[in-house]
Amino acid sequence: MSDPEGVGSDPVFATDTPTTAIPLGFEAASPKEMTPPAGGESQDTGGMVHQILRVFVENKLAVIGVVIVAFFLVFCFLGPLVYHTNQTNAQLALQNSTQNSPPGHGHPLGTDDSGFDILGRLMFAGQISLIVGITSALVATVVGVTYGAISGFFGGGFDALLMRIVDIGLSIPVLFLLIALVTIFHTSTALLIIVIAVVSWLVPARLIRGETLSLRTREYVQAVRVMGGTRTRIIGRHIVPNSIGTIVVFATFQVADSILLLAALGFIGLGVPAPQTDWGSMLSNGVNYATDGYWWQIYPAGLCIILVVIAFNFIGDSLRDAFEVRLQRR
């Protein structure tokens with residue numbers, strides 16, 4: 001057949017490669033778009049901090065825990081600026097109110113046996129409970145991390161000696177040791193912080209010691225040693241920072257444990273001295289009137305302890321998941 005247009009004979013239109021028609025509505029993909037990803041490649045999800053925050057926020061219970069903790073911080077430390085009550089002068093409290101009055105006008109949660117307003121008392125006691133709980137947890141974490149890192153890094157007989165001291169401390173019942181220390185010394189807020197920290201640093205020391213035994217054999221630690229890095233630099237710049245996940249998780253759980261220990265001491269009458277108080281002391285005082293039906297002296301303080309402890313446990317669980325690499329999506 002003749003080619004009137006001369007297309008077939010034109011070298012410009014001549015081709016040896018067969019063409020495939022592209023259906024309408026579809027566009028040809030570029031070579032870059034058609035290149036499959038290399039096997040084993042992980043999707044970039046941002047830096048480590050971004051991944052930790054993402055995993056943490058995905059845990060709804062952790063978010064609830066943060067909201068509860070934030071609420072109690074505002075309630076205990078900013079609440080007294082709005083809701084003014086007398087929490088230090090028992091004589092003045094009795095003049096302005098009656099003992100063991102039920103919730104009503106002027107006293108939303110009633111009063112206790114000394115005439116103190118229960119709602120204001122919860123704020124006042126919550127300040128002591130949160131300060132002692134958080135501060136003692138931080139002190140215990142710092143001491144335990146330092147002790148455990150030094151023990152695990154040096155190893156040998158020195159490590160064995162330090163761990164035997166930890167074993168002896170762990171063999172003593174915590175509550176018995178707390179009672180003995182508080183009884184020997186004059187009770188104060190500072191003493192309670194120190195005493196609770198003394199019985200709480202043993203567990204992080206053992207945990208960080210195990211982490212250090214594993215980290216000290218890593219290549220980057222050996223490289224720092226070859227380059228002349230000091231032991232202090234290795235522990236402070238490489239061992240401890242790489243154990244940050246374990247440290248943060250323990251510190252969170254320890255806040256809850258410290259609040260419970262303080263509540264236990266307050267419940268048996270060894271809490272902070274009057275006119276100060278804590279939630280455990282309020283609970284102990286309310287139990288004396290449990291048979292009289294004065295529920296407002298028992299449930300509010302007990303509910304505060306339960307909510308704060310559960311909130312910190314929720315946060316600790318989520319942080320453990322966030323720092324656990326195997327539980328993070330890649």
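Values in this text are rule-based calculations from the coordinates and carry no lab data. What you see is a predicted model, and the numbers here were worked out from it, not measured in a lab. A quick note on method: Cβ atoms are made from the backbone with ideal geometry, for glycine too, and the neighbour counts reach across all protein chains shown.
Once the C-beta distance of residue 310 and residue 92 is scaled by a Förster radius of 51 Å, the resulting FRET efficiency is 0.90 to the nearest 0.05.
All C-alpha to C-alpha distances of region 249-330, sorted into 5 Å bins beginning at zero, yield P(r) values of 3, 15, 19, 17, 15, 10, 7, 6, 4, 3, 1, 0 percent in whole numbers. Label positions at residue 194 and residue 167, each projected 7 Å from the Cα along the C-beta direction, are separated by 2.9 nm. Along region 290-298 the Karplus relation, 6.51 cos²θ - 1.76 cosθ + 1.60 evaluated at θ = phi - 60°, assigns HN-Hα couplings of 5, 6, 8, x, 8, 5, 5, 8, 10 Hz to successive residues, with x for each Gly and Pro. Distance between the 7 Å Cα→Cβ label points at residue 99 and residue 71: 3.4 nm.
What FRET efficiency do you get for residue 227 and residue 158 if R0 is 35 Å and r is their Cβ-Cβ distance, rounded to the nearest 0.05? Working shown, then result.
Values: r = 24 Å, r/R0 = 0.69.
For R0 = 35 Å, the calculated efficiency reads 0.90.
Each residue of region 303-313 was assigned a 3J(HN,Hα) from its phi angle through the Karplus expression (A = 6.51, B = -1.76, C = 1.60, θ = phi - 60°), giving 5, 4, 4, 4, 5, 5, 5, 5, 4, 5, 5 Hz with x at Gly and Pro. Of the peptides 224-235, 201-212, the ranking by mean beta-carbon count within 10 Å, highest at the top, reads 201-212, 224-235. Counted residue by residue at 0.36 nm each, then reduced by the alpha carbon distance between them, the extension gain from residue 64 to residue 217 reaches 51.1 nm. Which FRET efficiency value, to the nearest 0.05, do you get for residue 50 and residue 303 by plugging their Cβ-Cβ distance into 1/(1 + (r/R0)^6) with R0 = 22 Å? The formula returns an efficiency of 0.05 here.
The distance between label points at residue 242 and residue 176 comes to 4.0 nm (points 7 Å beyond Cα on the Cα→Cβ vector).
Only Lys, Arg, Asp and Glu carry charge here, each on its Cβ (+1 for the first two, -1 for the last two); on that basis region 55-175 has a dipole of about 100 debye about its Cα centre.
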